[in-house]
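**Q** Handing you a structure now.
Where a number appears in this text, it was derived from the coordinates with a stated rule and is not lab data. The structure displayed is predicted, hence computed values, not measured ones. Because the Cβ atoms are built from the backbone with ideal geometry, glycine has one as well, and the counts that use them run over all protein chains shown.
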Amino acid sequence: MLEKLLRYGADVPAGLHRSMGNKTLYRSCLRLLAEDGPLGELSLAVSASRWNDALVIADSTAGAASNLGLTRLARAAETLTDVLHRREASGAAGAYAALLEEWELFRRAAGF
């Protein structure tokens, strides 16, 4: 799994460092993010223009992804966060779609 994540573009060494070098902990955190990710709730918040809720979820996703070395996923979540800060309804849908696409690439690379 870690080799696939490296090919995906993840900074696995940084993620492992933040996991105190514990591969089991790192894999567990990846699994939690992949399986219990907030994208369903985020979709509801974006579609209902609940900007504050969507902003919190997107920002949390960016932070979790960044801590795990998932730079591409973190950037996609950060882009959505920026759009939400500006309350751009038209941009939010596109940024959410880009995040969802990146989410699926991460899940495939992680084997979930």
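**Q** Would you mind estimating how fast the chain diffuses translationally, via Stokes-Einstein at 10 °C and 1.306 mPa s with the Kirkwood radius over Cα pairs, in µm²/s? Could you put the intermediate results ahead of the total?
**A** Working: Rh = 13.9 Å.
Estimated via Stokes-Einstein, D reaches 114 µm²/s.
**Q** Now, a different point. Using 1/(1 + (r/R0)^6) with R0 = 25 angstrom and r between the beta carbons of Lys4 and Leu44, what's the FRET efficiency to the nearest 0.05?
**A** Numbers: r = 30 Å, r/R0 = 1.21.
Efficiency at R0 = 25 Å is approximately 0.25.
**Q** To continue, here is another question. With a/c under 1.5 counting as rounded, go ahead and sort region 57-112 into rounded, prolate or oblate using the C-alpha gyration tensor (a ≥ b ≥ c being the square roots of the eigenvalues; past the cut-off, prolate if a/b is larger than b/c, else oblate).
**A** On the way: a/c = 3.10, a/b = 1.63, b/c = 1.91.
Because a/c hits 1.5 or more and a/b fails to exceed b/c, region 57-112 counts as oblate.
**Q** So what's the gap between the Cα centers of region 65-112 and region 1-32, to the nearest angstrom?
**A** Taking the Cα centre of region 1-32 as reference, the centre of region 65-112 is 18 Å away.
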